[in-house]
Amino acid sequence: MAFELIWQAKGVIFLYSGVVTTEDALVSNEIYYGDPRADDTEYQIVDFSRALQISVEADDIDTIAAMDTVHFSTNINHKYHIRKIAFIGEEALIKQIRQLYQSVLTDLGANLQVGFFRNLQHAQKWASERPKSIP
């Protein structure tokens, strides 16, 4: 497997490396959603900075975006705040993921802030800023 989940006080980093496959993306999300700490996360950082190639099917990106939307909108701990998901990686590598993911969130009316960054330092700074409450 080409991934690692790194739990932080208020979030989680999905760290992918090498050739990232559909299986890696789906299994990492299954592990995340199966962990009770997921209920208290305020952000996810999806770090592809060590990935050489991303071979994830479009339908699976749609599935993951929908899972994130449902999780953050139905979990009582998340209902009253905007949650954040940060993606890290070179634009050429993550362009398709970025476009598909954002499209699903828009279609579902998701209350998630999504950011795209080139390094972990900037993503962590943005992700850890206090989320704004929903009016």
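Derivation of every value follows stated rules applied to the coordinates shown; laboratory data play no part. Keep in mind that what you see is a predicted model, and the values were worked out from it rather than measured. Cβ sites come from the backbone with ideal geometry, for glycine too, and all protein chains shown count toward neighbours.
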Pair list, Cβ < 9 Å and 6+ apart or interchain, from the stretch 5-18 residues that are free of Cβ contacts under 8 Å to residues at least 12 places away in the same chain to residues that are of a type in the set (Asp, Glu): Ile6/Asp47
Count - residues of the stretch 111-126 that are in contact (Cβ under 8 Å) with a residue 60 or more places away in the chain and surrounded by 15 or more Cβ atoms within 10 Å (Cβ to Cβ): 3
Selection status of Glu23, of a type in the set (Asp, Glu), surrounded by 14 or more Cβ atoms within 10 Å (Cβ to Cβ) and farther than 23 Å from Asn119 by Cβ: yes
One residue from Ile61, Ile54, Ile45, Ile31 being surrounded by fewer than 17 Cβ atoms within 10 Å (Cβ to Cβ) and either free of Cβ contacts under 8 Å to residues at least 40 places away in the same chain or not charged (D, E, K, R) (or both): Ile31
Strands (runs of 3 or more DSSP E) completely within the stretch 1-57 that count 1 or more residues being within 11 Å of the chain's Cα centre (by Cα) and not β-branched (Val, Ile, Thr): 11-21, 43-55
